[in-house]
Amino acid sequence: MLDLEKLYSTTARETRKSAIRELLKLADKPEVISFAGGWPSPDLFPVDTISDLMVKVLKERGRKVLHYSKAEGEARLKEELIHLMAKDGVSAEAENILVLTGSQQGLDMLPKAFVNRGDVVFVETPTYVGAIQAFDNYGTHMVPIETDGSGMNPVALEKAIGEWKQRGQGDRLKIVYLIPDFQNPSGITMTEKRRRGVLDVAARHDLLVVDDAPYRDLRFEGKPVPSLYALDQNQSVISLYTFSKTLVPGLRVAWAVGTRQLIDKLTTLKQSVDLCSSALSQHVVAEYLATGCMERYLPMFNADYRHKRDIMLEAMDEFMPGLQGLEWTRPEGGLFIWVTLPENMDAEKLFHAAVRENVAFVLGSAFHPTGGLKNCFRLNFSFAAPERIREGISRLGRALTKFAQESA
Ligand SMILES: Cc1ncc(COP(=O)(O)O)c(C=O)c1O
């Protein structure tokens, strides 16, 4: 029998099976209320509208949208994206945009474009698990930077950069990766001051800033903070946007916006990744935008998620025990709440206790490049039905109360 182990590349050999995914299999039972997935609510998917638009696109553009398309993306979609971004203070032209098959594709292509094994990417603490995996595949050295309720701390970033430079390894420093809006996993939104601070540090030290913004338009309350792309004065930022959370993930339409030079490089890389994104999906999304569907449906998405967030937060206030050091975030949008347990408490042990009570979450250590944040976990409030959210949190409160008594 062929021994694949002998043939695998270093990358494939070093790719670790996600321990978290293995753990979550324990929770894969109908009786478990799961707050683990990062999924939008399928109840909100505008299935009939998408179906109508798909028929329209097929009737009008038939064979063309079923064919291969251009790697950089369909001009018709780009026009709509330019309008969409302009509403958010981002000015771009077609040459600044690369359509992606999911923003995850951008997270794979960026280290491919910039990272040699051992090069450094600075990340928030915590950061997105899918970015950790993508960066890991290219042998990236991820450096977690102190992050609090206002976002990544620019002073801590500057200090970390200084330490690498002092060791004569300044040329290893490549990227600052941020999810500034309703972060996955913490729900935190970076303040304008912090955004300006990090941009300033990145500009002075010649680092690329990756602004991963899948949740930016899922704001339920409060004032929008200007995007990193809009604030940038040094052409240091590449932003990744996606329709996965504001429309549906299944069309796999996302895009990157950046300098022409960088978009050009990424377009060349994309050609060998998937040749092009689906023209059919791109035209469906372009029609969705052109016919004003986004303005109609997005407020409904946000109203639903706001309602679910409120139910989860109210249930947490009611059912979580009063433990010293136990706290959680109160996000103004997005899909996630981040819970910090008292420092000596192990979220993995709590996970097993929670699964016994038929409720699940994702361990904080999944969101740290070297497995830190062991006393933290992420809750998703968008996927479960409202009555399941309340019941799930009451089970979680019970599990935590028992667990705290046992560990006292
Ligand atoms: C921060 C972040 N970036 C990127 C992605 C990937 O999204 P997409 O469906 O566009 O590939 C996700 C998905 O959950 C995410 O949370």
Candidate cut points under GluC sites (Glu not before Pro) in the stretch 313-408, DSSP loop plus at most 13 other Cβ atoms within 10 Å of their own Cβ, are Glu343
Quick note, the stretch 308-408: a/c under 1.5 would make it rounded; otherwise a/b > b/c is prolate and the rest oblate (a ≥ b ≥ c, C-alpha gyration tensor); here it is oblate
Subset of Lys29/Lys374; Lys6/Lys374; Lys245/Lys308; Lys6/Lys349 violating a 27 Å alpha-carbon distance limit
Lys6/Lys374; Lys6/Lys349
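Could you calculate the contour length gain from Asn116 to Tyr8, that is, 0.36 nm times the residue separation minus the distance between their Cα atoms, to one decimal place in nm? Write down the numbers at each step before the final one.
Values: separation 108, 0.36 × 108 = 38.88 nm, distance 1.93 nm.
Taking Asn116 through Tyr8 to full extension adds about 37.0 nm, to one decimal.
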Check the straight Cα-Cα distances from Lys174 and name the lysines below 23 Å, setting aside those fewer than 8 residues away within the same chain.
Lys112, Lys159, Lys165, Lys193, Lys265, Lys270
Tell me which residues come under 5 Å, amide H to amide H, from Val253 once H is placed; ignore anything under 5 positions away on its chain.
Gly102, Phe243
Size of the dipole of the stretch 47-293 about the Cα centre, Lys and Arg at +1 and Asp and Glu at -1 on the beta carbon, nothing else charged, in debye to 20?
340 debye
Determine the shape class of the stretch 1-126: with a ≥ b ≥ c the square roots of the Cα gyration tensor eigenvalues, call it rounded for a/c under 1.5, and otherwise prolate if a/b is greater than b/c, oblate otherwise.
prolate
Please work out whether the stretch 47-293 counts as rounded, prolate or oblate from its C-alpha gyration tensor, where a ≥ b ≥ c are the square roots of the eigenvalues and a/c under 1.5 means rounded, while otherwise a/b larger than b/c means prolate and anything else oblate?
prolate
For His352 paired with Asp274, estimate the spin-label separation in nm (one decimal), with each label point 7 Å from Cα along the Cα-to-Cβ line.
3.9 nm
For the chain, give me the percentage of DSSP beta bridges that are antiparallel, rounded to the nearest 5 percent.
50 percent
Taking Lys87 as the anchor, which lysines have their alpha carbon closer than 16 Å to its alpha carbon, excluding any fewer than eight residues away along the same chain?
Lys78, Lys223
How much length is gained if the chain between Ala86 and Asp43 is pulled fully straight, taking 0.36 nm per residue apart and subtracting their Cα-Cα distance, in nm to one decimal?
12.5 nm
Who wins for biggest fluctuation among Pro342, Pro321, Pro30 in a Gaussian network model of the chain, springs between alpha carbons below 10 Å?
Pro30
Would you work out the relative contact order for the chain, in percent, from Cα pairs under 8 angstrom that are 6 or more residues apart?
24 percent
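Exactly which trypsin sites (Lys or Arg not before Pro) in the stretch 144-224 are in a DSSP loop and have at most 15 other Cβ atoms within 10 Å?
Hits after loop and neighbour filter: Arg167.
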Net charge near Phe114, counting Lys/Arg +1 and Asp/Glu -1 over other residues with Cβ under 14 Å of its Cβ?
+1
Projecting each Cα onto the charge dipole of the chain (Lys/Arg +1, Asp/Glu -1 at the beta carbon, about the Cα centre), which of Gly222, Asn96, Tyr241 comes out farthest on the positive side?
Asn96
Quick one: longest stretch of the chain between exposed loop chymotrypsin sites (Phe, Trp or Tyr not before Pro), exposed meaning at most 13 other C-beta atoms within 10 Å and loop per DSSP?
69-408
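Taken together, the values in this text are just the output of simple stated rules run on the coordinates, not laboratory data. Treat the numbers as computed from the prediction; the structure is a model and nothing was measured. Methodologically, a virtual Cβ is constructed for each residue, glycine included, from the backbone with ideal geometry; neighbour enumeration extends over all protein chains shown.
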